[in-house]
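Each value in this text was obtained by applying a stated rule to the coordinates, not by laboratory testing. Remember, predicted model here, so these are calculated numbers, not experimental data. We place every Cβ from the backbone using ideal geometry, glycine too, and count neighbours over all the protein chains shown.
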Amino acid sequence: MAREVHFENDCLRYEHQYNHRHHDHLICLECGASVEFFNSEIEKLQNLIAQEYGFEIVDHNRELFGYCSECRKRRGKEEL
């Protein structure tokens, strides 16, 4: 029903799997917020790349690290 998700920043979270489609994550390096997203173009592209190399993808995870809008606002104020 749920699976452990280990993010690179040593954060462990649990996500439900039942009736929940594949997705990727945007992860804030400052506050740890995680945003789930799905993009069909990214999925198509990775499948084309795998096909080009004769590779069969059975699973993957995508984590994009940066700063959320709230932390970016705070950081901007601190730098003034």
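Numbers below:
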read-out	value
Spacing of the two label points (7 Å from each Cα toward its C-beta) at Ala33 and Ser69, in nm	0.8 nm
Whole-angstrom Cα spans of region 23-79 along principal axes, big to small	49, 16, 16
Packing-based exposure ordering (other Cβ within 10 Å, fewest first) of Ile27, Ile57	Ile57, Ile27
